[in-house]
Amino acid sequence: MIDKLGGGVSQAIGTGGRDLSEAVGALTTLAALDALDADPATSVVVVVSKPPSEIVAAKVLDRLANLGKPSVVHFVGVDRSDTVGRVHFAPDLAETARKAVQIAVPNATVEMGSLPWRADALAYARKARSPKQVALRGLFTGGTMAAEALAQLQRFLGPVASNLGHGSPPIEALRPEQHAIIDLGSDEFTQGRPHPMIDPTPRAERLMAESNNDQLAVVLLDVVLGTGSHADPAGAMVPSIVHLKAQANARGQHVTVVTSVTGTEKDRQGLIGQIEKLERAGVVVFPSNIEAVRFAYAVLGEANDG
């Protein structure tokens, strides 16, 4: 998102998904904030976290309030867009990027340049969905994007089964008609095998299994490019997506598959080529996770048209 807005990243520090838990106490995040505050190449500090402990979040916010630089914060599941002192809150990942670039380059006109709301695709998806098709399945490789999807969908769809927790029912006894968000990069899926960003096989297998679910309406995905990711993550998914859609078509149904692609044209996989492969397979592609999520629940008729 920052790249699309014409900005840049001075430093990127991964703290781990549990750093803002009460058990860990933001040890890495607090150390990172001190380092970024001292870095002359960093003009705006951005903090993104899965749902944090309230006690630990308060500690992080206190440290941010005392930095010598402005900051932008997005705690997944916390719907805030206000500003307190030099700390700016953002309600989703895309808005976090927009605010950060806007602060870093005050005179710039910051527009996401996103695709227009896909009214045509939405109208078709709603019309093609049979009354029996009621379920949404989110199959994610990025844990933070899975958490963002879960937080957003629970506001509009009610209980959504997930392995992420955060008040959601577990996925162990998942029924065909249930909504579910599954983080395939979590511990139970990666013990003894590569992360699904590296090896897309686990998600392809899940897609193949879902092809037999005649109550499935929408599949929500993420595609992540960059160093360390699979050389062709979109291409690796296409056969299973085509199979899922063909199976639905054979039943006289239509399953909508929607995704975002996280990456830039500078990544070795190539952003444009990845999008083209997905669109040729009938996937509705958006430039941000939050737009893909909103489209997915709109297909179920649970939201307005954008």
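Values in this text are rule-based calculations from the coordinates and carry no lab data. Just so you know, these numbers come straight off a predicted model, no measurement behind them. Cβ coordinates were reconstructed from backbone atoms using ideal geometry, including for glycine residues, and neighbour counts include every protein chain displayed.
Of the beta bridges in the range 1-113, as assigned by DSSP with both residues counted there, near 20 percent are antiparallel. In order along the range 71-84, phi translates into HN-Hα couplings of 9, 10, 10, 10, 9, 4, x, 9, 8, 10, 9, 8, 10, 10 Hz, rounded to whole numbers, per the Karplus curve 6.51 cos²θ - 1.76 cosθ + 1.60 with θ = phi - 60° and x for Gly and Pro.
Against the main long axis of the alpha-carbon atoms of the chain, helix 233-250 sits at an angle near 30°.
From helices alone, the chain scores -11500 deg cm²/dmol at 222 nm; the rule is -39500 (n - 2.57) for each run of n ≥ 4 DSSP H residues, then divide by the residue total. Taking the longest Cα principal axis of the chain as reference, the axis of helix 201-210 is set at about 40 degrees.
Label separation (residue 191 vs residue 280): 4.0 nm, computed from points 7 Å beyond Cα along the C-beta direction. With θ taken as phi - 60° and the Karplus curve 6.51 cos²θ - 1.76 cosθ + 1.60 applied, the whole-hertz 3J(HN,Hα) list for the range 17-25 is x, 9, 4, 8, 7, 5, 5, 8, x Hz, x standing for glycine and proline. In summary, the lysines within cross-link reach of residue 266, defined as a Cα separation below 26 angstrom excluding same-chain residues under 8 places away, comprise 4, 99, 277. The label point for residue 127 and the one for residue 212, both projected 7 Å from the Cα toward the Cβ, are 3.3 nm apart. Put a dot 7 Å past the Cα of residue 175, heading toward its Cβ, do the same for residue 79, and the two dots end up 2.7 nm apart.
The long axis of helix 119-128 is offset from the longest Cα principal axis of the chain by roughly 40 degrees. The fraction of Cα-Cα pairs per 10 angstrom bin, counted from 0 for the chain, comes to 6, 27, 35, 23, 8, 1, 0 percent, rounded to whole percents.
FRET efficiency for the pair residue 155 and residue 41, taken as 1/(1 + (r/R0)^6) with r the Cβ-Cβ distance and R0 = 51 Å, rounds to 0.85. Projecting the Cα atoms of 136, 228, 30 onto the charge dipole of the chain (Cβ charges, centred on the Cα centre) puts 136 farthest toward the positive pole.
Packing, taken as the mean count of other beta carbons within 10 Å per residue, orders the peptides 94-107, 287-300, 58-71 from highest to lowest as 287-300, 94-107, 58-71. Note that the range 33-38 has calculated 3J(HN,Hα) couplings of 4, 4, 5, 5, 5, 8 Hz, one per residue in order, obtained from phi through the Karplus relation 6.51 cos²θ - 1.76 cosθ + 1.60 (θ = phi - 60°); glycine and proline are x.
Mean separation of Cα pairs under 8 Å and 6 or more residues apart, divided by the residue count, gives the chain a relative contact order of 16 percent.
Give me the net charge for the shell around residue 19: Cβ to Cβ below 14 angstrom, other residues only, Lys and Arg +1, Asp and Glu -1. With Lys, Arg at +1 and Asp, Glu at -1, the net is +3.
Relative protection proxy for 23-30, 265-272, 77-84, from highest mean packing down: 23-30, 265-272, 77-84 (other beta-carbon atoms within 10 angstrom). What you get for the range 119-299, charging only the Cβ of Lys and Arg (+1) and of Asp and Glu (-1), is a dipole of about 560 debye around the Cα centre. Each DSSP beta bridge with both residues in the chain is either parallel or antiparallel, and the antiparallel ones are about 5%.
Ordered by the number of other Cβ atoms lying within 10 Å of each residue's own Cβ, fewest first, 280, 129 fall into the sequence 280, 129.
The shape of the range 119-299 comes out rounded: with a ≥ b ≥ c from the C-alpha gyration tensor, a/c is under 1.5.
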